[in-house]
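Down below is the structure, laid out as structure tokens.
The values are calculated or read from the model by the stated rules, or taken from the named source; none is laboratory data. Quick caveat: nothing in here was measured; it's all calculated off a predicted structure. Quick reminder, even Gly has a Cβ in these numbers, built from the backbone with ideal geometry, and neighbours come from all protein chains shown.
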Amino acid sequence: MRRRRLTPFALSGHTNLMDKDRIEDFIMNMRLASFFGASYILSSIGEAHLEDKKEVSDDEVAEQVKALIPYLREYDLILCLENHGKHGTGKQLKEIVEKVGSERVRINYDTANAIFYGNVDLEEDLMSCIDYIGFMHLKDKAGRYNEWNFPALGEGELDLLMVLKRLEEKDNHCPLSIEIEFTEKGPKDLEEVHEAVRTSFDYLTENGFEIL
């Protein structure tokens, strides 16, 4: 990373936070993030089910996340919870983050996941939680709402420029990362990955955004 002049600022530490047997794994992920000098650690909540398949309430989820706050302080990290699965919308995650009540716990808003899992109006969902967003996966979406089709930025159907404009209007300068997941078949080769990254880079720079 030093040779390529790359500075890690976030670590994807995805762990099922509702599985108490995995919490030690997540704490180790926090240590790793701290070791690399990252400021953010990302995770989804998990499927949030008990062993008997009974759903865990948002209150129980919030209490489980609260238990991580001392570690977040120790490693000087901000935990950003990604909208995913049962908690597929920003509106749902906002309610949990409010219950946690800590500046060290924010939302990692994935633009395409809000559609894929929540089938919501993107702008409406974004605005419902924009003050709680601490990190964003900028991801495009094509095809039916529940179709696994996440192309290069600008090649899908999402109004990503609206997303960036709303963040700017709200003075929310959270870090953003580009996420490209292709279709269920995945990319055909490495060159297709490179091309998708180039396309995404061009989409942003041609619309006046600087990539750091």
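Here are the numbers:
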quantity: Members of region 30-59 found to be closer than 26 Å to E179 by Cβ, among the polar types (S, T, N, Q) and either outside any loop (DSSP other than H, G, I, E, B) or at pLDDT below 95 (or both), listed by number; calculated: S34, S43, S44
quantity: Every pair of residues 6+ apart whose Cβ atoms lie under 8 Å, when the first sits in region 3-22 and is part of a loop (DSSP other than H, G, I, E, B) while the second is of a type in the set (S, T, Y) and surrounded by fewer than 14 Cβ atoms within 10 Å (Cβ to Cβ); calculated: none
quantity: Filter result (of a type in the set (D, E, K, R) and closer than 18 Å to A142 by Cβ) within region 81-122; calculated: D110, D121
quantity: Meets criteria (on the phi > 0 side of the Ramachandran plot, of a type in the set (A, V, I, L, M, F, W, C) and surrounded by fewer than 18 Cβ atoms within 10 Å (Cβ to Cβ)) for F201; calculated: no
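Here's the yes/no breakdown for (1) without any contact (Cβ under 8 Å) to a residue 12 or more places away in the chain; (2) assigned to a strand (DSSP E or B); (3) at positive phi:
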residue	(1), (2), (3)
D25	yes, no, no
M28	yes, no, no
V61	no, no, no
L72	no, no, no
C80	no, yes, no
K91	no, no, no
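Yes or no, residue by residue, for (1) exposed (fewer than 15 other Cβ atoms within 10 Å of the Cβ); (2) part of a loop (DSSP other than H, G, I, E, B); (3) at positive phi:
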residue: E103; (1), (2), (3): yes, yes, no
residue: F135; (1), (2), (3): no, no, no
residue: D140; (1), (2), (3): no, yes, no
residue: G154; (1), (2), (3): no, yes, yes
residue: E168; (1), (2), (3): yes, no, no
residue: P187; (1), (2), (3): no, yes, no
